[in-house]
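Every read-out reported here was derived from the displayed coordinates using simple, explicitly stated rules and does not represent laboratory data. Just so it is clear, the model here is predicted, and its values are computed rather than measured. Backbone-built Cβ (ideal geometry, glycine too); neighbour counts: all protein chains shown.
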Amino acid sequence: MTTMFRSQRRALLALADTGVCEVWHARDFIDDGYALPACHDRGGHSCMRDTCDGWWRWVLTDHGRHVVWLLRAISDELAQDTAPPLTQLTIPGVAA
């Protein structure tokens with residue numbers, strides 16, 4: 001995944017906190033190496049709605065945990081930002 005959209009960031013953080021997220025996000029996270037089905041250690045089945053009772057639960061990989069750590073660090077920095085709101089910014093050469 002080269003670009004992570006806001007909905008994907010929210011889904012990955014939700015997965016980290018709760019172990020659940022929308023299936024379509026989870027499948028992308030599996031493809032990107034961020035998550036695995038919670039029952040990935042049980043061999044012999046594919047985690048689908050009709051084959052696994054825990055098909056909707058996910059766990060983060062080491063890579064996924066690292067990305068979540070980065071997302072939280074970035075979110076903390078943005079939350080502490082003291083920049084003025086965009087409505088208060090002035091652009092040189094542009095009348096207000």
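The calculated FRET efficiency for the pair residue 27 and residue 6, based on their C-beta separation and a Förster distance of 22 Å, comes to about 0.75.
Label sites at residue 70 and residue 13, each approximated as a point 7 angstrom past Cα along Cα to Cβ, lie 1.6 nm apart. When peptides 18-27, 56-65 are sorted by average Cβ neighbour count within 10 Å, with the highest value leading, the order is 56-65, 18-27.
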